[in-house]
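Nothing in this text is a laboratory measurement; each read-out follows from the coordinates by a stated rule. These numbers come from a predicted model, not from an experiment. Here Cβ is always computed from backbone atoms with ideal geometry, including for glycine, and neighbour counts include all displayed protein chains.
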Amino acid sequence: MKSKIFLVVRLLFAIILLVFGINKFVEFLPPFELEGSALNYFTALAESKTLDLVGVVETVAGLSLLLNKYGALWAGIMMSGGERGTFPCYVRPSKHRSCTWFAYLEHRRSCGI
């Protein structure tokens, strides 16, 4: 029973990664509206081809999980963070127990650290 649950979770995660990874190139999902600094941030990511790299990593990780070839390696890579990862709360104590890298760096910049 336990192995079937892991199989279902692995396949769902693989499908989600494939859909969003391929969407970075084909754009079959409708884009969401951005304003202000979020628009500037994602424009910079798109112009520097960072989103293309994210799309390649998501697609390769999805295929790897789907085919069960190096799945654990790619799952570890995908959970390692990036701009969406969490920063350990012992570096910046807060009541929320975790913060994003972006929020942490913004906090350091605003405090002059």
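Net length available on complete extension from residue 56 to residue 19 is 12.2 nm, with 0.36 nm assigned per residue and the Cα-Cα distance removed.
Once C-alpha pairs closer than 8 Å and six or more residues apart are averaged by separation and normalised to the residue number of the stretch 2-80, the relative contact order reads 42 percent. Per residue, the convex hull around the alpha carbon atoms of the stretch 2-80 comes to 112 Å³.
Looking at the stretch 1-54, which chymotrypsin sites (Phe, Trp or Tyr not before Pro) are DSSP coil and have at most 13 other C-beta atoms within 10 Å of their C-beta? Passing both the DSSP loop test and the Cβ count: 28, 32. Each of the peptides 52-63, 68-79 was scored by the mean count of other Cβ atoms within 10 Å over its residues; in descending order, highest first, they stand as 52-63, 68-79.
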